[in-house]
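In what follows, a single structure is set out as structure tokens and then discussed.
The values are calculated or read from the model by the stated rules, or taken from the named source; none is laboratory data. The structure displayed is predicted, hence computed values, not measured ones. Cβ: placed from backbone, ideal geometry, glycine included. Neighbour counts: every protein chain shown.
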């Protein structure tokens, strides 16, 4: 098991396949890093930018991310359950089939991201932003989504319960689609 602290560094074009007991990435830039089969007992990424990185099918459960910008990263099937994410930007990222179940998301922005079949089940969120995202078949059961704006997103086949819908912001077409959950008959 490896312990490492990466501070004020630029990492580029690497495949990293390690078991980290502890890894901290602080004030750094990571470009084209494939974290292939890496395991993290403790991971903290702070005030950093990660571009074109691959995190597919990794377990990032209970890890911490603060002031991080992810650009064009692949998180397909990644597990963020019980993770803490604050002041995070996901831009043009693939997060399909990822799980944020019971995670804490504060000031997290998803912009132009694919969250198809992702799970935001029972997350705790403050100031969550979703802009131009594919939320097809996303699971948002038992999640307080008050004031979250879905108007620019695809919410086809969304998995949502009535309490989670309270206070969400949608366009007219989306409102009609969500009416089925209220068992309203529109004639």
- Item | In segment 140-167, the residues that are closer than 17 Å to residue 109 by Cα, surrounded by 15 or more Cβ atoms within 10 Å (Cβ to Cβ) and out of contact with any helix residue (DSSP H, G or I) (no Cβ under 8 Å at 6 or more places or on another chain) | 148, 149, 153, 154
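For segment 1-104, which strands (runs of 3 or more DSSP E) that fit wholly inside it have 1 or more residues that are over 23 Å from residue 115 (Cβ atoms) and modelled with pLDDT of 95 or more? Explain how you work it out, then say what you get.
On the way: elements: 2-7, 10-15, 19-26, 29-34, 43-51, 64-71, 84-91.
In segment 1-104, 2-7, 10-15, 19-26, 29-34, 43-51 are the strands (runs of 3 or more DSSP E) which contain 1 or more residues that are over 23 Å from residue 115 (Cβ atoms) and modelled with pLDDT of 95 or more.
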- Name the residues in segment 166-179 that are closer than 16 Å to residue 136 by Cβ and part of a helix (DSSP H, G or I), would you? 173, 174, 177, 178
- Looking at 136, 147, which is the one that is farther than 20 Å from residue 56 by Cβ, modelled with pLDDT of 95 or more, in contact with a strand residue (DSSP E or B) (Cβ under 8 Å, 6 or more places away or on another chain) and not in a strand (DSSP E or B)? 147
